[in-house]
Every structure is written in structure tokens, then in C-alpha cells.
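The structure under discussion is supplied below as C-alpha cells; questions concerning it will follow.
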Amino acid sequence: MNLEFDDHTTQIPIRQIADPIFEEKHIEVSIYLDYLNHPRISGNKWRKMMFNLKFARDNQYKTLVTMGGAYSNHIYAVANAGAEFGLRTIGILRGEEPNHYGYTLRHAKAMNMELEFVSRENYRAMRANPSLISEKFPDAFFLPEGGTNDLALLGFESLIQSINIPYDYLAVPVGTGGTLAGISKYSPHLEHLGFMSVRDASLHESIRVLSSNDSFQLIPNFDFGGYAKTNKVLIDFINDFYVQYQIPLDPIYTGKMMYGIFELAKRDFFKEGSSIIAIHTGGLQGILGYNEQNPHFPIHYSE
């Protein structure tokens, strides 16, 4: 398995987002386009997988097994990693097998991922006790839901090191919390904002344990009703943002984060004169899945 770790990750562009509200509030907002760090396993998923894949290679694993939902960016990324690096992949999916696969599952299947659907009860048991998975797949390397583990955090050190402009806040969207834990671990002296895309009261403690510090603040109330929930306000914002800046945002993570940053600026959340960098964590295949389900109200995006 041939792995290249530094071909893209140290050359990520940072784009300033000029807007009248930011000028009025005397703040600077930029977006770090980390979705450009790998052509197929992009954004935070590549950073989480880099050192996990290295570990799997060094220990001669031939199979990756992981878990997630039917629309999981992580499932999509693991399937791509298996196809690229010649590994068998197994995805344990939450809930009953759907009659019709959406874009994520179709793509995973096309990448030869083996899909195994389990009841929500069994899924919760496996997530709480990964040894159940190891017993079933003893020769496989297990990647947890969302890809978050200690090895995953190592991938964010290079992200922090590559930011060569001063800033006061780093902002990221939050699912399982691995990305926020990673950037907090490697820049504990700064303020980090995690825009929650899920409603999970346990996230703060799990992120604190992973990062070994609490230099972060979780930002609720911009999830638009919960994980993968959207409405016209959010989709209009994503489309307007793309027209103005030619930067695509997905409806599950990055769109909600950027909407939240604009709203917090209006509410004077940020100190005058401060600089905010938002990390674009990828997940753009979520646009394709959303557009399949909402053909009359699509997100505008050109691959």
C-alpha cells in the first residue's frame, strides 16, 4: 500500500471572505479550503485517515471495517481509501437496508465496500463496545464512527502548522468532534469554535478528553433542526455564498458553520479587530445526495 502524506496538505489556500457585515464589525473572516487536500478522500476525513492508514499498512492489515449512517461522509471516505490503496472495506450501517440507495451508499458499493446493515439497537451496542466488531472481524483494522481516534488527531498537526497568517479564532463544524479535538490539541493557546451539526450533550466531555484541554467552545443552535436537517434559509445562504465566492458549502456541516459565523458577527460575538479562520472540512458529496432528494430546490455546485 503506497501512501503519500504531504503531496497536498501543506499547500492549502486560505481565502478571505469580504462582506459588509464583517467590515461593519471590524473583523476579518477567512476560509481554509481543506477540501482541496486530497482529490478523493478530502478535508477532515483525509486528515483523520492519514495516520490510521499508515498504521494499517505498517501492521499489514488488508481489511478496514468501520461504521456509520446511510449518508455518512466517513463511510464514503473509507470506501474511497479502500479503492485507492487496495484494501478490503466493510461498512456497518445503522438501521434497515433502504429500498433505494442514496448517492453515498451507491458510491461506497461502487468502490467495492461490503455493506452490512444492523438494527439501531445492535449498532449502539457495537459503537459502545467495539470489541464486538473485532470479534466478528478479527483480521480487520477498526476505524470508529466518524474516524475519530488518537491516530486521527495527528493529522491536524500539519493543518495548524500550515496556517501562516495570524488569527484569533479557528472555527470548524462538529459531528463526532474529532476535528475540533485535533485542532485544540495542537493549538491549545487559541480559541476554537465548534459549530454543532448534531444535538449531543456528551460532545464537550468527549472532545475535552481527546484533546486534553478545553480551549474550545461548542456553538449550538445552528443545526437547523438536527443532523442533516435543512430549510430554505440555509439552502439560500449556501447558494448565495457560492455565487459570491465560488466556494461550495455542503448542507450538513460547512454550510451551517458559515451561516453561524455570519450570524454571530451580526450579534457582536467576535471581538472588534479579531480574525476568524473557518476550516472547510469537505463533505461536498453531501451536495449530490441532497440534490437527488431535492431536485426542485437544489444546491448550485459545479464539480
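The values are calculated or read from the model by the stated rules, or taken from the named source; none is laboratory data. The structure presented is a predicted model; accordingly, all values stated were derived computationally and were not measured. Counting neighbours? That spans all protein chains shown, and the Cβs are built from the backbone with ideal geometry, glycine included. Note: accessible area is taken over every heavy atom of the protein model, side chains too, but ligands, DNA and RNA are not part of it. Shrake-Rupley method; radii C 1.70, N 1.55, O 1.52, S 1.80 Å.
Could you please find all residues in the range 192-210 being part of a loop (DSSP other than H, G, I, E, B) and either open to solvent by less than 50 Å² (accessible area, probe 1.4 Å) or among the hydroxyl-bearing types (Ser, Thr, Tyr) (or both)?
Selection gives 197, 198, 202.
Additional query: Looking at 301, 259, 290 in this structure, which one is farther than 22 Å from residue 47 by Cβ, outside any loop (DSSP other than H, G, I, E, B) and at pLDDT below 95?
Exactly one residue qualifies, and that residue is 290.
Between 167, 123, which is in contact (Cβ under 8 Å) with a residue 12 or more places away in the chain, surrounded by 17 or more Cβ atoms within 10 Å (Cβ to Cβ) and part of a loop (DSSP other than H, G, I, E, B)?
167
Oh, and also: Return yes when residue 281 is buried (at least 21 other Cβ atoms within 10 Å of the Cβ), hydroxyl-bearing (Ser, Thr, Tyr), assigned to a loop (DSSP other than H, G, I, E, B) and touching a helix residue (DSSP H, G or I) at 6+ places or on another chain (Cβ under 8 Å) and no when it is not.
yes
Looking at the structure I just gave you, is residue 269 at pLDDT 95 or above, open to solvent by 20 Å² or more (accessible area, probe 1.4 Å), part of a loop (DSSP other than H, G, I, E, B) and on the phi < 0 side of the Ramachandran plot?
The answer is yes for residue 269.
Can you tell me which of 238, 276 is closer than 21 Å to residue 13 by Cα, β-branched (Val, Ile, Thr) and not in a helix (DSSP H, G or I)?
276
Which count do you get for residues in the range 19-38 that are in contact with a Ser or Thr (Cβ under 7 Å, 6 or more places away or on another chain), under 15 Å from residue 258 (Cα atoms) and open to solvent by less than 20 Å² (accessible area, probe 1.4 Å)?
Number of matching residues: 2.
Now for a separate question. Can you tell me which residues in the range 240-266 are aliphatic (A, V, I, L, M) and open to solvent by less than 10 Å² (accessible area, probe 1.4 Å)?
247, 249, 257, 258, 261, 265, listed by residue number.
Test residue 133 against the criterion of being among the β-branched types (Val, Ile, Thr) and in contact (Cβ under 8 Å) with a residue 40 or more places away in the chain, and give yes or no.
Here the answer is yes, as residue 133 does meet what is asked.
Would you tally the residues in the range 154-164 being of a type outside the set (A, V, I, L, M) and assigned to a loop (DSSP other than H, G, I, E, B)?
Here the count works out to 3.
Could you list, in sequence order, the residues of the range 106-120 that are open to solvent by 40 Å² or more (accessible area, probe 1.4 Å) and either in contact with a strand residue (DSSP E or B) (Cβ under 9 Å, 6 or more places away or on another chain) or acidic (Asp, Glu) (or both)?
Passing the criteria: 109, 111, 112, 114, 116, 117, 119, 120.
Here's a follow-up. Is there a residue in the range 137-155 that is free of Cβ contacts under 8 Å to residues at least 60 places away in the same chain, of a type in the set (D, E, K, R) and open to solvent by 30 Å² or more (accessible area, probe 1.4 Å)?
no
Filter the range 94-105 down to the residues that are within 18 Å of residue 295 (Cα to Cα) and either surrounded by 12 or more Cβ atoms within 10 Å (Cβ to Cβ) or touching a strand residue (DSSP E or B) at 6+ places or on another chain (Cβ under 6 Å) (or both) and list them by number.
101, 102, 103, 104
Can you find even one residue in the range 286-300 that is open to solvent by less than 70 Å² (accessible area, probe 1.4 Å), closer than 30 Å to residue 157 by Cα, in contact (Cβ under 8 Å) with a residue 24 or more places away in the chain and out of contact with any helix residue (DSSP H, G or I) (no Cβ under 8 Å at 6 or more places or on another chain)?
Checked against the condition, which is being open to solvent by less than 70 Å² (accessible area, probe 1.4 Å), closer than 30 Å to residue 157 by Cα, in contact (Cβ under 8 Å) with a residue 24 or more places away in the chain and out of contact with any helix residue (DSSP H, G or I) (no Cβ under 8 Å at 6 or more places or on another chain), the range 286-300 yields at least one hit.
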